[in-house]
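Note sheet for the following structure.
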Amino acid sequence: MTETAAELGGANLGDARLNRRLVRVAERLGAQPGASIPAACGGWAETQATYRLLAHEAVTWEQVLTLHWDCRSKFSVHDKKFNLLKLW
């Protein structure tokens, strides 16, 4: 399981397909953070699916970032070394 899947896998967007798509999109965009959505997606079908996900009424930035914040808040001050390595 990837770190992204562990972090966003608990999403509850009301449809398992949306939850899986969220993880796939986050993995693709995370792999190429400076790329445009079409470049990161690597194909027209994936690009369309990404835009549909982002436009879906069940998907809000608050939901996605809450998952991220909840995951990151689990790190304690004892994990400073880990966090430093992730930033490096």
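Kindly indicate whether residue 66 is modelled with pLDDT under 85, of a type outside the set (D, E, K, R) and in contact with an Asp or Glu (Cβ under 8 Å, 6 or more places away or on another chain). I'd like the intermediate steps shown before the answer.
Values: modelled with pLDDT under 85: yes; of a type outside the set (D, E, K, R): yes; in contact with an Asp or Glu (Cβ under 8 Å, 6 or more places away or on another chain): no.
Criteria not met by residue 66.
If only residues of region 55-67 that are aliphatic (A, V, I, L, M) and touching a helix residue (DSSP H, G or I) at 6+ places or on another chain (Cβ under 8 Å) are counted, the one that is farthest from residue 27 (Cα to Cα) is 58. For first residues located in region 52-78 and farther than 16 Å from residue 21 by Cα and basic (Lys, Arg), partners that are modelled with pLDDT of 70 or more and surrounded by 10 or more Cβ atoms within 10 Å (Cβ to Cβ) and lie 6+ apart or on another chain with Cβ distances below 9 Å form the pairs 72/7.
Look at (1) modelled with pLDDT of 95 or more; (2) loosely packed, with under 14 Cβ neighbours inside 10 Å and you find that residue 17 fails only one, number (1).
Being modelled with pLDDT of 85 or more, under 15 Å from the mean Cα position of the chain (by Cα), assigned to a helix (DSSP H, G or I) and among the basic types (Lys, Arg) is the requirement here; does residue 72 meet it?
No: the conditions fail for residue 72.
I'd like to verify a number: residues in region 4-45 that are in a helix (DSSP H, G or I) and either within 22 Å of residue 57 (Cβ to Cβ) or free of Cβ contacts under 8 Å to residues at least 24 places away in the same chain (or both), how many? Final tally of qualifying residues: 23. Restricting region 20-58 to residues that are within 23 Å of residue 69 (Cβ to Cβ) and of a type in the set (Lys, Arg) leaves a set whose member that is surrounded by the fewest Cβ atoms within 10 Å (Cβ to Cβ) is 20.
The values are calculated or read from the model by the stated rules, or taken from the named source; none is laboratory data. Here the structure is a predicted model, which is why all the values come from computation and not from measurement. FYI the Cβ positions are ideal-geometry reconstructions off the backbone, even for glycines, and counts take in every protein chain you see.
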